[in-house]
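What follows is a single structure, written as structure tokens, with notes after it.
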Amino acid sequence: MNAKGYSAREEQRLLAALGRGLLKEFPNLDRSGCPGVDVLKRIASRTMPLNEADRWLDHLGSCSPCYSDFSEFRRAHESGRKRTLLAIAASILVAVCMGGWFLLQRHNESLVVQTALLDLRNRSLPRGTEPNPPEPPLVVNRAARHWNIYLPLGSTEGTYEIRIITDSGGLLLTATGEATLVSGIASLPVDVNLGSKNLGRCNLEIRKNAGEWNSFPLVLR
């Protein structure tokens, strides 16, 4: 041994060589004084207290069959321990992944609920004194706090006002926003907060630059 002692790899090689010697040098064919299998398994799995195992250590060092059995039991124990640790690690990983996926889904659902798209591109605007033809109402979740309104085709950029009027003429909400053209579509973002206001059928009214109001049927749910 040099002044620095053995390296970890050298120590492993030395122990392996000693183990090979123990497997061959002490045959003990009649198994004189050998402990039972349960004892060897408990020593190999480190479940036997050291003060109890101590009485068998000298025998293990002088009985090749017992040392062989002990080595097999130890390898089996270490292999089972590694499988258990891998199974635990895999379970933790699956739990973390599922938890992350669940939180992501909740986050995405929250974003979907909080944002509403109102598409008016194919909705008719009144011409002169002619009323709008009957159209299906827009349906919006009351929890949505941000509306993105696609204005009717031909709409331009600028400041728009919106208001929500009940069928009985009551005012539920007013808001303003700046419309911009994106790929030829006039998009009007507005922030709204309907709180606990009554749900049901009403009308969404929009106008630009204090012009005339254009009305569209709306259902808040």
message: Condition check: modelled with pLDDT of 85 or more and either loosely packed, with under 13 Cβ neighbours inside 10 Å or within 27 Å of Leu194 (Cβ to Cβ) (or both). Does Val113 satisfy that?
response: no
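With respect to Leu218, determine if the residue is under 16 Å from Trp147 (Cα atoms) and among the aliphatic types (A, V, I, L, M).
Numbers: under 16 Å from Trp147 (Cα atoms): yes; among the aliphatic types (A, V, I, L, M): yes.
Answer is yes for this residue.
In segment 54-71, what residues are touching a residue at least 12 places away in the same chain (Cβ under 8 Å) and assigned to a helix (DSSP H, G or I)?
Trp56, His59, Leu60, Ser64, Pro65, Cys66, Tyr67, Ser68, Asp69, Phe70, Ser71
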- prompt: Out of all the residues in segment 26-35, is one or more at pLDDT 80 or above, assigned by TED's automatic domain parsing to the domain that holds Arg81 and closer than 26 Å to Arg81 by Cβ?
  reply: yes
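Just one of Arg163, Arg201 is more than 17 Å from Trp147 (Cβ to Cβ), assigned to a strand (DSSP E or B) and of a type in the set (Lys, Arg); which is it? Can you show your working first?
On the way: Arg163 fails: more than 17 Å from Trp147 (Cβ to Cβ).
That would be Arg201, the only listed residue that is more than 17 Å from Trp147 (Cβ to Cβ), assigned to a strand (DSSP E or B) and of a type in the set (Lys, Arg).
The values are calculated or read from the model by the stated rules, or taken from the named source; none is laboratory data. All figures in this text were calculated on a predicted structure; none of them were measured in a lab. A quick note on method: Cβ atoms are made from the backbone with ideal geometry, for glycine too, and the neighbour counts reach across all protein chains shown.
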